[in-house]
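To start, the structure under review is shown below, and the notes come after it.
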Amino acid sequence: MRTHSIAVLATVLITGGLARSASIVGAAPPRPPGAAGTISGKVTYTGTPPKMKPIDMAKEPNCVTQHAGAPVLTENVVTGPGNTLRWVLVYISAGDQGSTPATETVRLDQKGCQYIPHVLVLQPNQPLDIYNDDPHSHNIHPLAKLNPEWNRSQPAGAPPIHTKWEQPEFIPVKCNVHPWMHGWHLVVTTSHYAVTGEDGAFTLSGLPAGKYTVTAWQEQFGAQSQDVTISGSETKPVNFVFKATPY
Amino acid sequence: MKSNTRLVALLSGLGVLLCAAGANSARAQTSHIGNLTGHAAPGSKLYQRYCVGCHGADGDGAGENAPWIDPKPRDFTLAVFKCRSTPTGTLPTDEDLFNAMTRGFVTTNMPQWLPLTRQNRADLVAYIKSFSPKWKTLKPGTPITIPAEPRLTIESILHGRQLYQKMECWKCHGPKGHADGPSAATLTDNKDLPIRPYDFESGSRFMCGVTNQDLYKIFMTGLDGTPMPSFADNLEPAGAWDLVHFLRTLQPFDTPEAALWKAWLASHAGELKPIGPGGGGGGGR
(Lines give C-alpha, C1' and ligand atoms only; values in the text may rest on other atoms or scores of the structure.)
Protein backbone atom coordinates (compact mmCIF):
# COMPACT_ATOMS: atom_id res chain seq x y z
CA MET A 1 0.00 0.00 0.00
CA ARG A 2 2.71 2.38 1.07
CA THR A 3 4.94 1.45 -1.88
CA HIS A 4 1.97 1.93 -4.15
CA SER A 5 1.26 5.45 -2.94
CA ILE A 6 4.94 6.37 -3.20
CA ALA A 7 4.93 5.11 -6.79
CA VAL A 8 1.86 7.17 -7.57
CA LEU A 9 3.45 10.19 -5.97
CA ALA A 10 6.64 9.70 -7.99
CA THR A 11 4.60 9.45 -11.18
CA VAL A 12 2.77 12.65 -10.31
CA LEU A 13 6.04 14.41 -9.59
CA ILE A 14 7.62 13.24 -12.84
CA THR A 15 4.65 14.10 -15.04
CA GLY A 16 4.22 17.41 -13.22
CA GLY A 17 7.87 18.18 -13.82
CA LEU A 18 7.56 17.27 -17.49
CA ALA A 19 4.53 19.45 -17.99
CA ARG A 20 6.27 22.40 -16.45
CA SER A 21 9.49 22.17 -18.52
CA ALA A 22 8.48 20.80 -21.87
CA SER A 23 11.74 21.88 -23.44
CA ILE A 24 13.88 19.68 -21.24
CA VAL A 25 14.32 16.19 -22.65
CA GLY A 26 14.32 13.63 -19.87
CA ALA A 27 13.14 14.68 -16.45
CA ALA A 28 15.33 14.76 -13.38
CA PRO A 29 15.54 11.38 -11.71
CA PRO A 30 13.01 10.95 -8.93
CA ARG A 31 14.48 11.76 -5.55
CA PRO A 32 14.95 8.92 -3.11
CA PRO A 33 12.01 8.93 -0.74
CA GLY A 34 12.57 8.87 3.01
CA ALA A 35 15.21 11.55 3.42
CA ALA A 36 12.89 14.23 4.70
CA GLY A 37 13.86 17.51 6.30
CA THR A 38 12.18 19.68 8.86
CA ILE A 39 11.75 23.42 9.26
CA SER A 40 11.01 24.60 12.74
CA GLY A 41 11.14 27.79 14.75
CA LYS A 42 9.23 30.43 16.59
CA VAL A 43 7.08 33.42 15.77
CA THR A 44 7.62 36.46 17.97
CA TYR A 45 7.01 40.20 17.85
CA THR A 46 8.89 43.38 18.64
CA GLY A 47 7.22 46.63 19.60
CA THR A 48 3.93 47.01 21.42
CA PRO A 49 1.02 44.81 20.36
CA PRO A 50 -2.55 46.01 20.86
CA LYS A 51 -4.23 45.03 24.12
CA MET A 52 -6.96 42.49 23.55
CA LYS A 53 -10.29 43.79 24.79
CA PRO A 54 -12.90 41.95 26.82
CA ILE A 55 -15.93 41.15 24.67
CA ASP A 56 -19.29 42.36 25.90
CA MET A 57 -21.68 39.50 25.17
CA ALA A 58 -24.63 41.08 26.97
CA LYS A 59 -26.75 40.67 23.84
CA GLU A 60 -26.56 36.92 24.31
CA PRO A 61 -27.15 36.09 28.00
CA ASN A 62 -26.39 32.39 27.36
CA CYS A 63 -22.85 33.28 26.38
CA VAL A 64 -22.36 35.64 29.31
CA THR A 65 -23.28 32.73 31.60
CA GLN A 66 -20.93 30.34 29.80
CA HIS A 67 -17.99 32.68 30.39
CA ALA A 68 -19.02 33.85 33.86
CA GLY A 69 -16.01 35.09 35.79
CA ALA A 70 -13.63 35.03 32.82
CA PRO A 71 -14.71 37.35 30.04
CA VAL A 72 -13.50 36.35 26.59
CA LEU A 73 -10.90 38.59 24.95
CA THR A 74 -10.68 39.49 21.29
CA GLU A 75 -8.28 37.19 19.43
CA ASN A 76 -6.81 39.19 16.58
CA VAL A 77 -3.42 39.46 18.34
CA VAL A 78 -2.81 36.79 20.97
CA THR A 79 0.60 36.81 22.63
CA GLY A 80 2.45 34.50 25.01
CA PRO A 81 5.36 34.80 27.46
CA GLY A 82 8.59 35.82 25.72
CA ASN A 83 6.86 37.97 23.08
CA THR A 84 5.50 34.96 21.21
CA LEU A 85 2.55 35.16 18.82
CA ARG A 86 -0.31 32.70 18.73
CA TRP A 87 -2.65 31.87 15.82
CA VAL A 88 0.02 32.46 13.17
CA LEU A 89 -0.19 30.23 10.11
CA VAL A 90 3.23 29.02 8.91
CA TYR A 91 3.17 27.15 5.60
CA ILE A 92 5.08 26.32 2.44
CA SER A 93 3.91 28.95 -0.03
CA ALA A 94 6.23 28.05 -2.92
CA GLY A 95 8.32 25.07 -3.95
CA ASP A 96 5.99 22.69 -2.18
CA GLN A 97 6.51 19.00 -2.80
CA GLY A 98 5.49 15.80 -1.13
CA SER A 99 2.17 17.27 -0.02
CA THR A 100 -0.75 14.94 0.39
CA PRO A 101 -4.38 15.96 -0.09
CA ALA A 102 -6.20 15.85 3.22
CA THR A 103 -9.31 13.72 3.50
CA GLU A 104 -10.06 13.73 7.23
CA THR A 105 -12.92 15.97 8.31
CA VAL A 106 -12.04 19.24 9.99
CA ARG A 107 -14.34 20.46 12.74
CA LEU A 108 -15.37 24.01 13.60
CA ASP A 109 -17.35 24.64 16.76
CA GLN A 110 -19.46 27.61 17.70
CA LYS A 111 -19.39 27.54 21.47
CA GLY A 112 -19.93 30.30 23.98
CA CYS A 113 -20.30 32.71 21.03
CA GLN A 114 -16.77 32.00 19.86
CA TYR A 115 -15.30 30.12 16.92
CA ILE A 116 -13.19 27.19 18.06
CA PRO A 117 -10.57 27.13 16.73
CA HIS A 118 -10.17 30.82 15.99
CA VAL A 119 -7.91 29.95 13.03
CA LEU A 120 -8.87 26.84 11.10
CA VAL A 121 -6.55 25.57 8.35
CA LEU A 122 -7.72 23.19 5.69
CA GLN A 123 -6.89 22.08 2.17
CA PRO A 124 -9.04 22.45 -0.94
CA ASN A 125 -11.97 20.03 -0.90
CA GLN A 126 -11.19 18.82 2.60
CA PRO A 127 -14.48 18.02 4.37
CA LEU A 128 -15.48 20.65 6.95
CA ASP A 129 -18.18 20.10 9.58
CA ILE A 130 -19.57 23.12 11.40
CA TYR A 131 -21.28 22.55 14.76
CA ASN A 132 -23.43 24.82 16.86
CA ASP A 133 -22.89 23.78 20.48
CA ASP A 134 -24.80 26.75 21.90
CA PRO A 135 -28.40 26.73 23.13
CA HIS A 136 -29.29 29.45 20.64
CA SER A 137 -28.96 30.25 16.96
CA HIS A 138 -25.90 31.33 15.00
CA ASN A 139 -25.51 32.31 11.39
CA ILE A 140 -22.26 31.33 9.70
CA HIS A 141 -21.21 33.87 7.14
CA PRO A 142 -17.83 33.21 5.49
CA LEU A 143 -16.83 36.33 3.55
CA ALA A 144 -15.22 34.41 0.71
CA LYS A 145 -14.30 36.15 -2.53
CA LEU A 146 -12.71 33.46 -4.70
CA ASN A 147 -14.91 30.77 -3.22
CA PRO A 148 -18.67 31.28 -3.08
CA GLU A 149 -19.83 33.53 -0.25
CA TRP A 150 -22.70 31.94 1.64
CA ASN A 151 -24.65 32.61 4.82
CA ARG A 152 -26.54 29.88 6.65
CA SER A 153 -28.56 29.90 9.83
CA GLN A 154 -27.89 27.13 12.35
CA PRO A 155 -30.42 27.12 15.20
CA ALA A 156 -29.84 25.39 18.54
CA GLY A 157 -29.70 21.63 18.16
CA ALA A 158 -29.43 21.75 14.36
CA PRO A 159 -27.26 19.07 12.73
CA PRO A 160 -23.73 20.03 11.64
CA ILE A 161 -23.28 21.78 8.32
CA HIS A 162 -21.17 19.65 5.97
CA THR A 163 -19.21 21.79 3.56
CA LYS A 164 -15.79 22.37 1.97
CA TRP A 165 -13.76 25.04 0.20
CA GLU A 166 -12.55 24.39 -3.33
CA GLN A 167 -10.12 27.27 -3.88
CA PRO A 168 -7.12 28.27 -1.78
CA GLU A 169 -8.12 31.47 0.00
CA PHE A 170 -7.90 33.10 3.43
CA ILE A 171 -11.54 33.56 4.38
CA PRO A 172 -12.76 35.71 7.28
CA VAL A 173 -15.81 34.22 8.95
CA LYS A 174 -18.39 36.10 10.97
CA CYS A 175 -21.74 35.72 12.66
CA ASN A 176 -24.05 38.63 12.00
CA VAL A 177 -26.19 37.95 15.08
CA HIS A 178 -23.12 38.15 17.35
CA PRO A 179 -20.88 40.73 15.67
CA TRP A 180 -17.90 40.00 17.91
CA MET A 181 -17.62 36.45 16.58
CA HIS A 182 -14.73 36.38 14.20
CA GLY A 183 -12.59 33.57 12.84
CA TRP A 184 -10.61 32.44 9.81
CA HIS A 185 -10.77 29.55 7.39
CA LEU A 186 -7.34 29.38 5.78
CA VAL A 187 -7.39 27.18 2.70
CA VAL A 188 -3.88 26.20 1.60
CA THR A 189 -2.76 23.78 -1.12
CA THR A 190 0.08 22.34 0.94
CA SER A 191 -0.12 19.76 3.71
CA HIS A 192 3.02 21.31 5.20
CA TYR A 193 1.56 23.89 7.55
CA ALA A 194 1.29 24.66 11.23
CA VAL A 195 -0.59 27.13 13.40
CA THR A 196 1.38 28.49 16.32
CA GLY A 197 0.21 27.91 19.86
CA GLU A 198 0.80 30.26 22.74
CA ASP A 199 4.55 29.43 22.68
CA GLY A 200 4.76 30.70 19.08
CA ALA A 201 6.45 27.46 18.00
CA PHE A 202 5.90 25.64 14.71
CA THR A 203 7.32 22.60 12.94
CA LEU A 204 6.97 21.67 9.28
CA SER A 205 8.20 18.13 8.78
CA GLY A 206 8.38 15.56 6.01
CA LEU A 207 9.95 17.97 3.52
CA PRO A 208 11.85 16.33 0.63
CA ALA A 209 15.11 18.02 -0.37
CA GLY A 210 14.50 21.21 -2.29
CA LYS A 211 14.14 24.95 -2.17
CA TYR A 212 11.11 26.24 -0.29
CA THR A 213 9.47 29.52 0.52
CA VAL A 214 8.08 29.52 4.04
CA THR A 215 5.43 32.10 4.82
CA ALA A 216 4.10 33.18 8.20
CA TRP A 217 0.72 34.92 8.20
CA GLN A 218 -0.87 36.78 11.07
CA GLU A 219 -4.33 38.26 10.63
CA GLN A 220 -3.42 41.78 11.77
CA PHE A 221 0.30 42.02 10.94
CA GLY A 222 0.18 40.40 7.49
CA ALA A 223 2.63 37.96 5.91
CA GLN A 224 6.39 37.41 5.88
CA SER A 225 8.36 34.92 3.80
CA GLN A 226 11.79 33.32 3.91
CA ASP A 227 13.54 31.03 1.45
CA VAL A 228 14.90 27.82 2.91
CA THR A 229 16.84 25.05 1.21
CA ILE A 230 16.52 21.52 2.54
CA SER A 231 19.19 19.14 1.38
CA GLY A 232 18.44 15.94 3.27
CA SER A 233 17.16 14.78 6.60
CA GLU A 234 18.11 17.95 8.41
CA THR A 235 16.25 20.42 10.61
CA LYS A 236 16.54 24.03 9.52
CA PRO A 237 15.76 26.67 12.12
CA VAL A 238 13.59 29.51 10.83
CA ASN A 239 12.18 32.28 12.97
CA PHE A 240 9.76 35.06 12.17
CA VAL A 241 9.59 38.40 13.94
CA PHE A 242 6.59 40.66 13.37
CA LYS A 243 6.72 44.34 14.12
CA ALA A 244 3.76 44.99 16.36
CA THR A 245 1.93 48.30 16.59
CA PRO A 246 -0.70 49.02 19.21
CA TYR A 247 -3.32 50.17 16.70
CA MET B 1 16.91 22.52 -31.22
CA LYS B 2 16.44 23.60 -27.68
CA SER B 3 16.00 27.27 -28.57
CA ASN B 4 13.53 26.27 -31.30
CA THR B 5 11.36 24.46 -28.78
CA ARG B 6 11.53 27.47 -26.51
CA LEU B 7 10.46 29.74 -29.36
CA VAL B 8 7.48 27.52 -30.09
CA ALA B 9 6.57 27.51 -26.40
CA LEU B 10 6.87 31.28 -26.26
CA LEU B 11 4.73 31.78 -29.37
CA SER B 12 2.02 29.42 -28.20
CA GLY B 13 2.08 31.20 -24.84
CA LEU B 14 1.58 34.50 -26.64
CA GLY B 15 -1.26 32.95 -28.60
CA VAL B 16 -3.01 31.95 -25.40
CA LEU B 17 -2.57 35.45 -24.02
CA LEU B 18 -3.94 37.06 -27.18
CA CYS B 19 -6.94 34.75 -27.21
CA ALA B 20 -7.64 35.54 -23.58
CA ALA B 21 -7.40 39.26 -24.27
CA GLY B 22 -9.68 38.89 -27.29
CA ALA B 23 -12.31 37.01 -25.33
CA ASN B 24 -12.12 39.58 -22.61
CA SER B 25 -12.59 42.59 -24.83
CA ALA B 26 -15.44 41.01 -26.73
CA ARG B 27 -17.06 40.01 -23.42
CA ALA B 28 -18.46 37.07 -25.27
CA GLN B 29 -21.31 36.23 -23.00
CA THR B 30 -25.00 35.72 -23.40
CA SER B 31 -28.04 35.52 -21.18
CA HIS B 32 -31.18 33.47 -21.59
CA ILE B 33 -34.48 34.68 -20.21
CA GLY B 34 -37.38 32.62 -21.45
CA ASN B 35 -37.09 32.76 -25.24
CA LEU B 36 -34.98 35.92 -25.14
CA THR B 37 -31.23 35.81 -25.72
CA GLY B 38 -29.24 38.73 -24.38
CA HIS B 39 -25.84 39.72 -25.79
CA ALA B 40 -23.05 41.41 -23.94
CA ALA B 41 -21.96 43.72 -26.79
CA PRO B 42 -25.19 45.77 -26.96
CA GLY B 43 -25.44 45.34 -23.18
CA SER B 44 -22.11 47.12 -22.83
CA LYS B 45 -23.44 50.20 -24.65
CA LEU B 46 -26.59 50.25 -22.48
CA TYR B 47 -24.43 49.84 -19.38
CA GLN B 48 -22.35 52.89 -20.32
CA ARG B 49 -25.55 54.87 -20.71
CA TYR B 50 -27.66 53.74 -17.73
CA CYS B 51 -25.57 51.87 -15.14
CA VAL B 52 -22.02 53.17 -15.14
CA GLY B 53 -22.79 56.22 -12.99
CA CYS B 54 -23.37 54.06 -9.94
CA HIS B 55 -21.93 50.62 -10.71
CA GLY B 56 -18.76 52.00 -12.32
CA ALA B 57 -16.93 51.23 -15.55
CA ASP B 58 -15.32 48.17 -13.97
CA GLY B 59 -18.58 46.95 -12.46
CA ASP B 60 -17.12 47.21 -8.98
CA GLY B 61 -19.87 49.44 -7.61
CA ALA B 62 -17.52 52.41 -7.42
CA GLY B 63 -19.13 54.68 -9.97
CA GLU B 64 -18.97 58.44 -9.55
CA ASN B 65 -22.32 58.53 -7.73
CA ALA B 66 -21.36 55.75 -5.32
CA PRO B 67 -19.99 57.96 -2.54
CA TRP B 68 -23.42 59.62 -2.20
CA ILE B 69 -25.41 56.43 -2.17
CA ASP B 70 -26.39 54.20 0.75
CA PRO B 71 -26.69 51.27 0.52
CA LYS B 72 -23.83 51.13 -1.96
CA PRO B 73 -24.33 49.97 -5.56
CA ARG B 74 -23.79 46.26 -6.19
CA ASP B 75 -20.19 45.20 -6.89
CA PHE B 76 -20.55 42.86 -9.86
CA THR B 77 -16.93 41.69 -9.62
CA LEU B 78 -17.86 39.62 -6.55
CA ALA B 79 -20.79 37.89 -8.27
CA VAL B 80 -22.71 37.89 -4.99
CA PHE B 81 -26.41 38.72 -5.38
CA LYS B 82 -29.25 39.24 -2.92
CA CYS B 83 -32.33 38.25 -4.88
CA ARG B 84 -32.01 34.71 -6.14
CA SER B 85 -34.16 31.67 -6.68
CA THR B 86 -31.04 29.56 -6.04
CA PRO B 87 -29.52 28.33 -2.76
CA THR B 88 -27.14 30.49 -0.73
CA GLY B 89 -23.58 30.50 -2.09
CA THR B 90 -24.64 29.85 -5.67
CA LEU B 91 -24.91 32.12 -8.69
CA PRO B 92 -28.40 33.38 -9.53
CA THR B 93 -30.13 32.42 -12.76
CA ASP B 94 -30.24 34.89 -15.65
CA GLU B 95 -33.92 35.30 -14.91
CA ASP B 96 -33.16 36.24 -11.29
CA LEU B 97 -30.88 39.06 -12.48
CA PHE B 98 -33.42 40.11 -15.09
CA ASN B 99 -36.19 40.24 -12.48
CA ALA B 100 -34.04 42.13 -9.99
CA MET B 101 -33.17 44.75 -12.60
CA THR B 102 -36.78 45.02 -13.72
CA ARG B 103 -38.13 45.32 -10.18
CA GLY B 104 -35.44 47.62 -8.85
CA PHE B 105 -34.48 47.62 -5.19
CA VAL B 106 -37.02 49.34 -3.01
CA THR B 107 -35.53 51.61 -0.29
CA THR B 108 -32.29 51.89 -2.28
CA ASN B 109 -31.20 54.07 -5.22
CA MET B 110 -31.70 51.27 -7.72
CA PRO B 111 -34.80 52.14 -9.76
CA GLN B 112 -37.10 49.90 -11.72
CA TRP B 113 -35.82 49.51 -15.27
CA LEU B 114 -39.19 48.94 -16.88
CA PRO B 115 -38.53 51.79 -19.37
CA LEU B 116 -35.90 49.59 -21.01
CA THR B 117 -37.17 46.92 -23.37
CA ARG B 118 -37.02 43.27 -22.35
CA GLN B 119 -34.27 42.78 -24.94
CA ASN B 120 -32.31 45.69 -23.44
CA ARG B 121 -32.54 44.16 -19.99
CA ALA B 122 -31.51 40.74 -21.27
CA ASP B 123 -28.47 42.33 -22.96
CA LEU B 124 -27.56 44.06 -19.70
CA VAL B 125 -27.75 40.77 -17.82
CA ALA B 126 -25.32 39.28 -20.33
CA TYR B 127 -22.93 42.20 -19.86
CA ILE B 128 -23.13 42.22 -16.06
CA LYS B 129 -21.98 38.60 -16.06
CA SER B 130 -18.74 39.60 -17.75
CA PHE B 131 -17.44 41.37 -14.64
CA SER B 132 -16.62 38.21 -12.68
CA PRO B 133 -14.75 35.10 -13.83
CA LYS B 134 -17.14 33.07 -11.66
CA TRP B 135 -19.65 33.19 -14.51
CA LYS B 136 -17.18 31.19 -16.58
CA THR B 137 -16.10 28.70 -13.92
CA LEU B 138 -19.37 28.10 -12.05
CA LYS B 139 -22.90 27.29 -13.08
CA PRO B 140 -25.94 29.04 -11.59
CA GLY B 141 -27.51 27.13 -8.73
CA THR B 142 -30.60 24.99 -9.21
CA PRO B 143 -33.66 27.06 -8.24
CA ILE B 144 -35.24 25.88 -5.01
CA THR B 145 -38.54 24.03 -5.22
CA ILE B 146 -41.48 25.92 -3.76
CA PRO B 147 -44.51 23.72 -3.18
CA ALA B 148 -47.97 25.21 -3.69
CA GLU B 149 -49.06 27.47 -0.87
CA PRO B 150 -51.20 25.54 1.60
CA ARG B 151 -54.55 26.87 2.80
CA LEU B 152 -54.27 29.68 5.31
CA THR B 153 -55.30 28.60 8.81
CA ILE B 154 -54.84 30.06 12.26
CA GLU B 155 -52.74 26.99 13.14
CA SER B 156 -50.41 27.86 10.30
CA ILE B 157 -49.97 31.42 11.58
CA LEU B 158 -49.42 30.24 15.15
CA HIS B 159 -46.82 27.71 14.05
CA GLY B 160 -45.15 30.40 11.96
CA ARG B 161 -45.00 32.55 15.08
CA GLN B 162 -43.28 29.73 16.97
CA LEU B 163 -40.74 29.46 14.16
CA TYR B 164 -40.12 33.22 14.28
CA GLN B 165 -39.13 32.67 17.91
CA LYS B 166 -37.22 29.41 17.37
CA MET B 167 -35.26 30.53 14.29
CA GLU B 168 -34.53 33.74 16.18
CA CYS B 169 -35.75 36.03 13.42
CA TRP B 170 -36.52 38.47 16.26
CA LYS B 171 -32.82 38.91 17.08
CA CYS B 172 -32.60 41.26 14.09
CA HIS B 173 -36.17 41.91 12.95
CA GLY B 174 -37.44 42.51 16.50
CA PRO B 175 -40.12 40.79 18.60
CA LYS B 176 -42.85 42.61 16.64
CA GLY B 177 -41.05 42.89 13.34
CA HIS B 178 -40.05 46.51 13.88
CA ALA B 179 -36.38 45.89 12.95
CA ASP B 180 -35.33 46.59 16.53
CA GLY B 181 -33.96 43.24 17.72
CA PRO B 182 -30.85 43.12 19.92
CA SER B 183 -28.55 42.54 16.91
CA ALA B 184 -30.21 45.04 14.56
CA ALA B 185 -27.90 47.95 15.33
CA THR B 186 -24.64 46.11 14.66
CA LEU B 187 -25.45 44.43 11.34
CA THR B 188 -22.95 44.84 8.52
CA ASP B 189 -22.86 43.58 4.96
CA ASN B 190 -20.04 41.71 3.19
CA LYS B 191 -18.13 44.98 2.79
CA ASP B 192 -18.44 45.74 6.51
CA LEU B 193 -20.88 48.56 5.85
CA PRO B 194 -23.85 49.06 8.18
CA ILE B 195 -27.12 47.61 6.96
CA ARG B 196 -30.66 47.58 8.36
CA PRO B 197 -32.92 44.59 8.75
CA TYR B 198 -36.32 44.76 7.05
CA ASP B 199 -38.92 46.59 9.14
CA PHE B 200 -42.22 44.77 8.69
CA GLU B 201 -44.15 47.64 10.23
CA SER B 202 -42.89 50.10 7.61
CA GLY B 203 -45.16 48.51 5.05
CA SER B 204 -42.49 48.88 2.39
CA ARG B 205 -42.25 46.23 -0.30
CA PHE B 206 -39.90 43.30 0.19
CA MET B 207 -36.59 43.75 -1.57
CA CYS B 208 -36.94 40.65 -3.73
CA GLY B 209 -40.57 40.74 -4.80
CA VAL B 210 -44.01 41.22 -3.27
CA THR B 211 -45.72 37.83 -3.47
CA ASN B 212 -45.92 35.16 -0.78
CA GLN B 213 -43.69 33.01 -3.00
CA ASP B 214 -41.08 35.78 -3.08
CA LEU B 215 -41.22 36.00 0.71
CA TYR B 216 -40.75 32.22 0.97
CA LYS B 217 -37.74 32.51 -1.31
CA ILE B 218 -36.12 35.30 0.73
CA PHE B 219 -35.57 33.24 3.86
CA MET B 220 -35.03 29.90 2.10
CA THR B 221 -32.24 31.25 -0.14
CA GLY B 222 -30.93 34.04 2.09
CA LEU B 223 -29.94 37.44 0.73
CA ASP B 224 -26.28 36.76 -0.09
CA GLY B 225 -23.88 39.53 0.80
CA THR B 226 -26.18 40.69 3.63
CA PRO B 227 -26.62 39.39 7.20
CA MET B 228 -29.82 37.58 6.14
CA PRO B 229 -28.91 33.88 6.12
CA SER B 230 -30.59 30.95 4.44
CA PHE B 231 -32.87 28.92 6.72
CA ALA B 232 -33.25 26.11 4.19
CA ASP B 233 -31.17 23.67 6.26
CA ASN B 234 -33.62 23.75 9.13
CA LEU B 235 -37.04 24.67 7.75
CA GLU B 236 -39.37 22.16 6.10
CA PRO B 237 -41.47 23.55 3.24
CA ALA B 238 -44.64 23.31 5.35
CA GLY B 239 -42.97 25.25 8.17
CA ALA B 240 -41.64 27.79 5.71
CA TRP B 241 -45.18 28.46 4.47
CA ASP B 242 -46.36 28.81 8.09
CA LEU B 243 -43.63 31.40 8.61
CA VAL B 244 -44.78 33.28 5.48
CA HIS B 245 -48.31 33.39 6.89
CA PHE B 246 -47.10 34.75 10.22
CA LEU B 247 -44.76 37.34 8.65
CA ARG B 248 -47.72 38.77 6.70
CA THR B 249 -49.48 39.54 10.00
CA LEU B 250 -46.60 41.83 10.96
CA GLN B 251 -47.26 44.15 8.03
CA PRO B 252 -49.78 46.98 8.25
CA PHE B 253 -51.88 45.65 5.37
CA ASP B 254 -55.36 44.21 5.05
CA THR B 255 -54.13 40.82 3.97
CA PRO B 256 -56.10 37.61 4.54
CA GLU B 257 -53.39 36.64 7.03
CA ALA B 258 -53.78 39.88 8.99
CA ALA B 259 -57.60 39.57 9.01
CA LEU B 260 -57.52 36.01 10.32
CA TRP B 261 -54.89 36.92 12.92
CA LYS B 262 -56.82 39.94 14.20
CA ALA B 263 -60.00 37.92 14.49
CA TRP B 264 -58.20 35.22 16.48
CA LEU B 265 -56.37 37.72 18.67
CA ALA B 266 -59.65 39.39 19.64
CA SER B 267 -60.50 36.41 21.81
CA HIS B 268 -57.13 34.72 22.42
CA ALA B 269 -54.55 37.48 22.92
CA GLY B 270 -53.98 36.45 26.52
CA GLU B 271 -52.80 32.98 25.47
CA LEU B 272 -49.73 34.28 23.67
CA LYS B 273 -46.31 34.29 25.24
CA PRO B 274 -44.29 37.27 24.03
CA ILE B 275 -41.57 36.73 21.47
CA GLY B 276 -38.04 37.56 22.54
CA PRO B 277 -35.34 36.48 24.99
CA GLY B 278 -36.58 33.47 26.92
CA GLY B 279 -39.90 33.85 25.15
CA GLY B 280 -41.87 30.80 24.17
CA GLY B 281 -43.29 32.32 21.06
CA GLY B 282 -45.88 29.63 21.54
CA GLY B 283 -49.38 30.07 22.66
CA GLY B 284 -52.67 29.10 21.33
CA ARG B 285 -52.91 25.41 20.90
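Quick rundown of the values:
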| read-out | value |
| --- | --- |
| Members of the stretch A:149-177 found to be closer than 25 Å to A:Thr103 by Cβ and in a strand (DSSP E or B), listed by number | A:Arg152, A:Gln154, A:Ile161, A:His162, A:Thr163, A:Glu169, A:Phe170, A:Ile171, A:Val173 |
| For B:Arg205: the one exception among (1) among the basic types (Lys, Arg); (2) without any contact (Cβ under 8 Å) to a residue 60 or more places away in the chain; (3) away from chain A (no Cβ under 14 Å) | (2) |
| Of residues in the stretch B:218-262 being more than 14 Å from chain A (Cβ to nearest Cβ), in contact (Cβ under 8 Å) with a residue 40 or more places away in the chain and acidic (Asp, Glu), the one surrounded by the most Cβ atoms within 10 Å (Cβ to Cβ) | B:Asp242 |
| Which numbered condition B:Leu265 fails, given (1) of a type in the set (A, V, I, L, M); (2) away from chain A (no Cβ under 14 Å); (3) within 20 Å of the chain's Cα centre (by Cα) | (3) |
| For B:Trp68: the one exception among (1) aromatic (Phe, Trp, Tyr); (2) more than 18 Å from A:Pro148 (Cβ to Cβ); (3) in contact with a helix residue (DSSP H, G or I) (Cβ under 7 Å, 6 or more places away or on another chain) | (3) |
| Selection count, the stretch A:159-197, where residues are of a type in the set (A, V, I, L, M), within 14 Å of another protein chain (Cβ to nearest Cβ) and within 12 Å of the chain's Cα centre (by Cα) | 1 |
| Only listed residue being in contact with a His (Cβ under 7 Å, 6 or more places away or on another chain), in contact (Cβ under 8 Å) with a residue 24 or more places away in the chain, closer than 25 Å to B:Leu138 by Cβ and in the same structural domain as A:Leu89 (by TED's automatic domain parsing), chosen from A:Asn147, A:Asn176, A:Asn139 | A:Asn176 |
| So A:Ala244, is it aliphatic (A, V, I, L, M), in contact with a Pro (Cβ under 6 Å, 6 or more places away or on another chain), surrounded by 12 or more Cβ atoms within 10 Å (Cβ to Cβ) and under 23 Å from A:Leu186 (Cα atoms) | yes |
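For every residue, the table says whether it meets (1) touching a helix residue (DSSP H, G or I) at 6+ places or on another chain (Cβ under 8 Å); (2) in the same structural domain as A:Gln224 (by TED's automatic domain parsing); (3) among the acidic types (Asp, Glu); (4) farther than 24 Å from B:Gly278 by Cα.
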{"residue": "A:Pro54", "(1), (2), (3), (4)": "no, yes, no, yes"}
{"residue": "A:Thr65", "(1), (2), (3), (4)": "no, yes, no, no"}
{"residue": "A:Leu73", "(1), (2), (3), (4)": "no, yes, no, yes"}
{"residue": "A:Asn76", "(1), (2), (3), (4)": "no, yes, no, yes"}
{"residue": "A:Thr79", "(1), (2), (3), (4)": "no, yes, no, yes"}
{"residue": "A:Val90", "(1), (2), (3), (4)": "no, yes, no, yes"}
{"residue": "A:Glu104", "(1), (2), (3), (4)": "no, yes, yes, yes"}
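The values are calculated or read from the model by the stated rules, or taken from the named source; none is laboratory data. Owing to the predicted nature of the structure, the values given are computational and were not obtained by experimental measurement. Ideal geometry is used to build each Cβ from the backbone, glycine not excepted, and the neighbour counts take in all protein chains shown.
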